[in-house]
Amino acid sequence: RIKRINSIRLLVIVIQIIFPSAVDASGKDVVAVDSPIGRLALTVCHDLRFPEIYQSLRFQHGAQVLLVPSAFTKVTGEAHWETLLRARAIENQCYVIAAAQAGKHNDKRESYGDTLIIDPWGTVIGRLPDGLSTGIVVADIDLSLVDSVREKMPIAKQRKPIEFWKAPSL
């Protein structure tokens, strides 16, 4: 039995109720929506492997909070889950809220778990006690911290267009 499924379902249900147009089948468009806790970016766990998705959500769509419900495999979760989440928080100067399934789906698949909330500085500010825990993580989302981090490190102003990084023709 998957122990974390309820927290992911709750997150998806809340998103569907508040932002029905934001939840759709997979596609090519990124989604960011306004909410009472800031501008939310809606992603899934596999998206963590592609930082450009999160950069687009932050720099083109104004995201302040990145939502990442997941079912990372146990092997990749142990190796990469927290590292990728913290990297996305730091490089985009956003909060990350990551609800994670845990447990054995069947004989061939097991999900890692580890529900986390990370601030824009990369600090874990909320976490379930262990990867198999069922529960709710609560942490303050302080948008003034987002503003402060972005003001102290103005990477939005310092970014170069992708063409800048292309190698010159030889």
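Does Ile37 satisfy being farther than 26 Å from Ile162 by Cβ and either at pLDDT 90 or above or of a type in the set (A, V, I, L, M) (or both)? In short, yes. When Glu151 is tested against (1) free of Cβ contacts under 8 Å to residues at least 24 places away in the same chain; (2) more than 20 Å from the chain's Cα centre (by Cα); (3) more than 20 Å from Gln55 (Cβ to Cβ), only condition (3) is not met. The set of residues in segment 27-43 that are buried (at least 21 other Cβ atoms within 10 Å of the Cβ) and of a type in the set (S, T, N, Q) contains only Thr43. Arg86: of a type in the set (Lys, Arg) and open to solvent by 30 Å² or more (accessible area, probe 1.4 Å), yes or no? Yes: the conditions hold for Arg86. Looking only at residues in segment 102-146 that are of a type in the set (D, E, K, R) and in contact with a helix residue (DSSP H, G or I) (Cβ under 7 Å, 6 or more places away or on another chain), the one that is surrounded by the fewest Cβ atoms within 10 Å (Cβ to Cβ) is Glu110.
Against the test of being touching a residue at least 40 places away in the same chain (Cβ under 8 Å) and closer than 17 Å to Ala156 by Cα, the options Glu82, Glu91 yield a single qualifying residue, Glu91. For segment 148-170, indicate whether the set of residues that are of a type in the set (A, V, I, L, M), open to solvent by less than 70 Å² (accessible area, probe 1.4 Å), modelled with pLDDT of 95 or more and in contact with a strand residue (DSSP E or B) (Cβ under 6 Å, 6 or more places away or on another chain) is non-empty. There is no residue in segment 148-170 that is of a type in the set (A, V, I, L, M), open to solvent by less than 70 Å² (accessible area, probe 1.4 Å), modelled with pLDDT of 95 or more and in contact with a strand residue (DSSP E or B) (Cβ under 6 Å, 6 or more places away or on another chain). Thr76 fulfils the conditions (1) among the polar types (S, T, N, Q); (2) over 19 Å from Phe50 (Cβ atoms); (3) at pLDDT below 95 except for a single criterion, (2).
The values are calculated or read from the model by the stated rules, or taken from the named source; none is laboratory data. None of these values were measured; they are calculated from a predicted model. Cβ: placed from backbone, ideal geometry, glycine included. Neighbour counts: every protein chain shown. Each accessible area value is taken on the protein alone, full model and side chains, heavy atoms only, with ligands, DNA and RNA left out. Shrake-Rupley method; radii C 1.70, N 1.55, O 1.52, S 1.80 Å.
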